[in-house]
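The values are calculated or read from the model by the stated rules, or taken from the named source; none is laboratory data. Values in this document were obtained by computation on a predicted structure and should not be read as measured data. Here Cβ is always computed from backbone atoms with ideal geometry, including for glycine, and neighbour counts include all displayed protein chains.
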Amino acid sequence: MRKGLAFLAAIGLTVALTSTALANSVHLKGGPNAAPAFTDNGLTLNAAGELAGLGFGDVLVKISAVADPTAACTNNGGTQAPGQNPAPVTVTGSESIPASELKNGNTPFSVTTNAPATPIAGAPDCPNPNWSEDITDMAFTSATITVDQPAGTLVLTVACTFSPATTNGAVLAGNVNCTSN
C-alpha cells in the first residue's frame, strides 16, 4: 500500500514539474533573435507572431507601447493649429487565447493596442484650454509584449525598440530590436 501511494505521489510530482517546465520554456518561434511582426495602424500598434514551448492552460498576451503622438489643436471657430507634439503616450491591449487553441505547445497571436484617449482633456499643448486637442497619429518608439500562462503567471517578456520610430504601415524587421527573457 505504501509503495502504491509513493508511486502515485511520484507520478503526480512528475506531471506537475513537467507542465511547469514546459511553461518555463516559452519563446517566439523563429530562433534566438525572433521578433514579432509589427504594424503601425496610425493610432494603434499590432504585434503578431507565434509562441512555442507553452504548457497547458489558457494564454494571455499583453502589449504595452510607447509613442510620440502628433496632435492638432482646433479652436471654437474651427481654426486648426497642426503639428502639436504632446508628451509621449503609453497604450495597451491584450488577447486571450483559450487552451483549446494550443497545438503541441504552439499558438499564433495577434495583439493590438487600444487607441489613445482623444481629445486630450484640458488641451495642454494648445494655445489655451478652450481649444480642442486631438491626437491624429502615433510614432511608436518601443513595445513590450508579455505572455501569461495561466493569467497572472508571467512566462515570457519581449521588449522591443523601433529605430527610427514607426510610421503608418508594416514596420521593417531591420528597424526592430527585441530582447526576450
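Overview of values
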| item | result |
| --- | --- |
| The lone exception for V111 - which of (1) touching a residue at least 60 places away in the same chain (Cβ under 8 Å); (2) out of contact with any Pro (no Cβ under 9 Å at 6 or more places or on another chain) it fails | (2) |
| Selection from segment 129-166 of residues that are of a type in the set (A, V, I, L, M), surrounded by 15 or more Cβ atoms within 10 Å (Cβ to Cβ) and either modelled with pLDDT under 95 or part of a loop (DSSP other than H, G, I, E, B) (or both) | I135, A165 |
| Residue ID - surrounded by the most Cβ atoms within 10 Å (Cβ to Cβ), chosen from residues in segment 38-60 that are free of Cβ contacts under 8 Å to residues at least 60 places away in the same chain and touching a helix residue (DSSP H, G or I) at 6+ places or on another chain (Cβ under 7 Å) | G53 |
| Residue match in segment 61-72 (condition: buried (at least 21 other Cβ atoms within 10 Å of the Cβ), in a loop (DSSP other than H, G, I, E, B) and out of contact with any Lys or Arg (no Cβ under 7 Å at 6 or more places or on another chain)) | no |
| Single residue of segment 76-97 satisfying the filter (part of a loop (DSSP other than H, G, I, E, B) and in contact with a strand residue (DSSP E or B) (Cβ under 8 Å, 6 or more places away or on another chain)) that is surrounded by the most Cβ atoms within 10 Å (Cβ to Cβ) | P86 |
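For every residue, the table says whether it meets (1) hydroxyl-bearing (S, T, Y); (2) closer than 30 Å to A72 by Cα.
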{"site": "A87", "(1), (2)": "no, yes"}
{"site": "T90", "(1), (2)": "yes, yes"}
{"site": "G93", "(1), (2)": "no, yes"}
{"site": "I97", "(1), (2)": "no, no"}
{"site": "E101", "(1), (2)": "no, no"}
{"site": "T107", "(1), (2)": "yes, no"}
{"site": "A115", "(1), (2)": "no, yes"}
{"site": "A123", "(1), (2)": "no, yes"}
{"site": "P129", "(1), (2)": "no, yes"}
